[in-house]
Amino acid sequence: MTLRAPPPLERSLDILTGADGDVELRENDRLLATACVASIDARDVPKVSYEVAEEAVGRTPYDAQSHKLPTCFVCGTARADGDGLRIFAGPLQTAPISGKPAVFAASWVPHRSLADEDGSVASEFVWAALDCPTGYCSVGARHLGLNGDETILLGRMAARIDRRPRPGDRCAVTAWPTGREGRKLFAESALLSSEQEVLAIARTTWLLVDRQVQLGAMA
């Protein structure tokens, strides 16, 4: 999935599927997003226990005072339990190892409101859980020249879901940066069960942007 423009809220949008299976999201003639089938295989996934991930949450760099988007559905500190996912990723180490990517982690117990008809967490919420932690670890990548104060927006994301958790399951999300090209930041993430089984993985591209762009005030 590649975002081309900020999708508007409370408006009718068109979903167009091509003969090759590719999908476009449009508002009239304006292209908002594109999607296609992609292959994703994250290797060497950092596996952590729920308890270790819970400890990492205590080191999250964005608390209620410093969070730039406090109403974010995934990681917003202003969201109540059941209103948002409340996934607050933090580094596994208290101090990053020089020249090494910092792995971030967060604990997550899916709320019952996230269940699909089959009783498992709906796929869109699994995608969401894999999203923001990759942004956290991207701006936390000191070895890539980031200082943590940058503003970013998600540009592209691919995900593979092997098994969806059920509400109430004790899960962990891990995320780690994989590179940088100019203003593009690359990262991967994984959703783990309480037994550290990999349930889903994702690959993301984030863009360094002006703060006003992040807020949607500029095209």
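Every listed requirement among (1) over 16 Å from residue 190 (Cα atoms); (2) assigned to a loop (DSSP other than H, G, I, E, B); (3) open to solvent by less than 60 Å² (accessible area, probe 1.4 Å); (4) in contact (Cβ under 8 Å) with a residue 24 or more places away in the chain is met by residue 33 save one, (2). When each of 160, 166 is tested for being more than 16 Å from the chain's Cα centre (by Cα) and surrounded by fewer than 21 Cβ atoms within 10 Å (Cβ to Cβ), the lone residue that passes is 166. Got at least one residue in region 71-83 being in a loop (DSSP other than H, G, I, E, B), of a type in the set (Val, Ile, Thr) and over 30 Å from residue 11 (Cα atoms)? No, that holds for no residue.
With respect to residue 79, determine if the residue is more than 23 Å from residue 157 (Cα to Cα) and in contact with a Pro (Cβ under 7 Å, 6 or more places away or on another chain). So residue 79 does not fit the description; no. Note on region 1-30: among residues that are of a type in the set (D, E, K, R) and open to solvent by 90 Å² or more (accessible area, probe 1.4 Å), the one that is farthest from residue 190 (Cα to Cα) is 29. On inspection, residue 59 passes the criterion of being open to solvent by 30 Å² or more (accessible area, probe 1.4 Å) and in contact (Cβ under 8 Å) with a residue 12 or more places away in the chain.
The values are calculated or read from the model by the stated rules, or taken from the named source; none is laboratory data. These figures come from a predicted structure and were not determined experimentally. Every residue, glycine as well, gets a Cβ built from its backbone with ideal geometry; the counts of neighbours run over all protein chains shown. When the accessible area is computed, the model is the full protein with side chains, heavy atoms only, and any ligands, DNA or RNA have been set aside. Shrake-Rupley method; radii C 1.70, N 1.55, O 1.52, S 1.80 Å.
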